[in-house]
1. Can you run the Rg to Rh ratio on region 79-164? Use alpha carbon positions and the Kirkwood inverse-distance Rh.
2. Only Lys, Arg, Asp and Glu count, each charged at its Cβ (+1, +1, -1, -1), so figure out the dipole size of region 15-129 about its Cα centre, rounded to 20 debye.
3. Taking H as built 1.01 Å from N, whose amide H comes closer than 5 Å to the amide H of residue 14, not counting residues under 5 places away?
4. What net charge is computed for the residues neighbouring residue 197, neighbours being all others with C-beta under 9 Å from the C-beta of residue 197, Lys and Arg scored +1, Asp and Glu -1?
5. Packing-wise, with mean Cβ within 10 Å as the measure, how do 61-67, 139-145 rank, highest first?
6. Sum up the charges of everything whose Cβ sits under 11 Å from the Cβ of residue 166, counting Lys and Arg as +1 and Asp and Glu as -1, but leave residue 166 out.
7. Report the relative contact order of region 79-164, percent, no decimals, based on alpha-carbon pairs under 8 angstrom and at least 6 residues apart.
8. Can you list the HN-Hα couplings for region 97-111, worked out from phi with the Karplus curve (6.51, -1.76, 1.60; θ = phi - 60°), rounded to whole Hz and with x for Gly and Pro?
Amino acid sequence: MTGPDPAAPFRLAYVPGVIPSKWTRMWAERSPEVPLDLVQVTAGEAADQVRERGVHAALLRVGGDREGLHAIPLYTEVSVVVVPKDHVIAAADEVTPGDLVDEIVLHPLDDTLDWASPPGRPALQRPDTTGDAVELVAAGIGLLVVPQSLARLHHRKDLTYRTITDVPQSQVALSWLEDETTDEVEQLIGIVRGRTVNSTRGRQPEPAQAAKSEPAQARPAQSKPQAAKSRRTPATPARRAQAAPKRGKPRRRG
């Protein structure tokens, strides 16, 4: 005899810089019967992958066209400026856009920050990807402002980064189709939001399951009639006479 067919995997896409390992471990603990397949996609592909049902959900950065999709914000990323290690900015703890006025700041086509253009002077040409822009920074052609997670992803020994304030920040969210909030999606929502296994949030139990608790709640009401039956009726004089014990004859003294 063969066992039951294995459950179809739940496909979760994620964009560069997002690390889903913590959530995948929790998924394996809570839903071991449903495999979780991770699919790495570019920032521009993530939303379309969900719409086209190439994946069931995606961990992506908020922005762009999100029509037809639900999105639950998870966290906001710190923005940093990537510079060569010997650059003057490397000596600072953090910088502002004013510190980049005289610098060439690269603006890759897959930029994840919601701005028309970064501070500083624009380059003659926009790099295709963030990875390409990092290579140009290493070549001394300009600087780059990105979320800290992308700076870490494209880490190089000859580059460093510093926090930059007063600029847009990217936000990572869990996204899925509006009309397809399945049990697996609910499970994933609970995991990324930090709900415990015994959390009551999510789908409500079926009416038949809820009805099982009703008899237990009704039991205390049955004790009132029983208590009434146990009350004694006040004794009448006749009854007291009947209930009184008979006295024997007094003994004579010898």
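Every number here is computed from the coordinates shown, using simple stated rules; none is lab data. No experiment lies behind these values; they were computed from the predicted model shown. All Cβ positions, glycine included, derive from the backbone under ideal geometry; neighbour counts span all protein chains shown.
1. Rg/Rh for region 79-164 comes to 0.90.
2. That gives a dipole near 340 debye.
3. Residues meeting the amide H criterion: 39, 40, 41, 59.
4. Working: positive: 30, 195; negative: 29.
Counting the neighbours of residue 197, the net charge comes to +1.
5. Details: 61-67: 14.3, 139-145: 19.0.
Ranked from most to least packed, the peptides come out as 139-145, 61-67.
6. -2
7. Numbers: 154 pairs, mean separation 42.1, N = 86.
Contact order relative to length: 49 percent.
8. x, x, 6, 10, 4, 8, 9, 7, 10, 6, 9, x, 5, 9, 3
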